[in-house]
1. Between His210 and Phe172, 0.36 nm times their residue separation minus their Cα-Cα distance comes to what?
2. Given the range 125-239, report the % of alpha carbon pairs whose separation exceeds 25 Å.
3. For all pairs of alpha-carbon atoms in the chain, what percent lies in each bin of width 10 Å, listed from the first bin to the last filled one?
4. State which entries of Lys62/Lys92; Lys62/Lys86; Lys88/Lys137; Lys137/Lys202 exceed 29 angstrom in Cα-Cα distance in the structure shown.
5. Spelling out what I want: for every residue of the range 139-147, take phi, set θ = phi - 60°, compute 6.51 cos²θ - 1.76 cosθ + 1.60 (Karplus), and round to whole Hz; glycine and proline get x.
6. How much accessible surface area, in Å² rounded to 10, belongs to the heavy atoms of Arg141 with a 1.4 Å probe?
7. Extension gain Val198-Thr158, at 0.36 nm per residue separation less the Cα-Cα distance, in nm?
8. Please say if the range 110-184 is rounded, prolate or oblate, where rounded means a/c under 1.5 for a ≥ b ≥ c the square roots of the C-alpha gyration tensor eigenvalues, and otherwise the choice is prolate for a/b larger than b/c and oblate otherwise?
Amino acid sequence: ILQVVEANRHLLGPNDDYFAYQVISRGVSDPARRMGVDSRGGGGHATVAISCEPLAFQSYAKFYITGARAITPATRRTPPQCLSPKGKISNKMNHIICMYESHAIDPESFALMLDLDGNVTESHGANFLFVSGGVIKVPNRRNVLPGTTMQALLDLATNIGIPIEENDYTPFDVYQGEEAFLTTGSFTLLPIVSLNGVPIGKGVPGPVAHRLISSFSDLVGLDIVEQALSHIPAEERRALQKGAVPSTP
């Protein structure tokens, strides 16, 4: 991975960054074995592909200031009884459908999927956390893919004294919360200020989100918000920081 990134480093501009992808398949299978007793296939050699792609900072930078919006689509998260969410697989059709359902309502929204019992799980490409009573609430990890970024942020929260609880939570619990945010490798932490049109807390990014973003920036030695905002036009940035751009459609 480091070799691939280094080979492409010269293509990066000021404040640019790469998202590194690793795709691993079981390799080429032997058709003659498909009807036989040996179903292992692949000849014992996996196919590994590594690539890097520039982060699209301009697609989400403003949400550090305004906060983003989330919607619960009709399509549910695949239950763990059918397929373990712990595997980071490329076949995530239900996540893609959820994203399109959410975008059909609000093109800039993020989908927040529910499980079969109506509890919140995760977004189409990120983990979801919210804050209630000053406690970070973690949706039951039985139903989600626990991301490394989420775990890093939870570790930071513990270090700075923010309590954490994990349980089953409904959208109503989120409505009653003070803050919410998404976590993933690209934007690290993105504040969510409304769910299904209902403001969360004061409807703006809150203090817990700011503390975690600041702590993560210290951890990696880079102001991740400043890096993202440097990719949007100066006039738009000034308008955002003055509150000229509303957080609702």
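The values are calculated or read from the model by the stated rules, or taken from the named source; none is laboratory data. Keep in mind the model is a prediction, meaning the values are calculated, not measured. Here the Cβ is made from the backbone with ideal geometry for all residues, glycine too, and neighbour counts use every protein chain on show. Note: accessible area is taken over every heavy atom of the protein model, side chains too, but ligands, DNA and RNA are not part of it. Shrake-Rupley method; radii C 1.70, N 1.55, O 1.52, S 1.80 Å.
1. 11.3 nm
2. Details: 1365 of 6555 pairs.
Tail of the P(r) past 25 Å holds 21 percent of the pairs.
3. Calculated P(r), rounded to whole percents: 7, 27, 33, 21, 8, 3, 0.
4. From Lys62/Lys92; Lys62/Lys86; Lys88/Lys137; Lys137/Lys202, over 29 Å: Lys62/Lys86.
5. These are the phi-based 3J(HN,Hα) values: x, 2, 6, 4, 9, 9, 8, x, x Hz.
6. Probe radius 1.4 Å; accessible area of Arg141 about 60 Å².
7. On the way: separation 40, 0.36 × 40 = 14.40 nm, distance 2.89 nm.
Taking Val198 through Thr158 to full extension adds about 11.5 nm, to one decimal.
8. Details: a/c = 1.78, a/b = 1.24, b/c = 1.43.
In terms of gyration-tensor shape, oblate.
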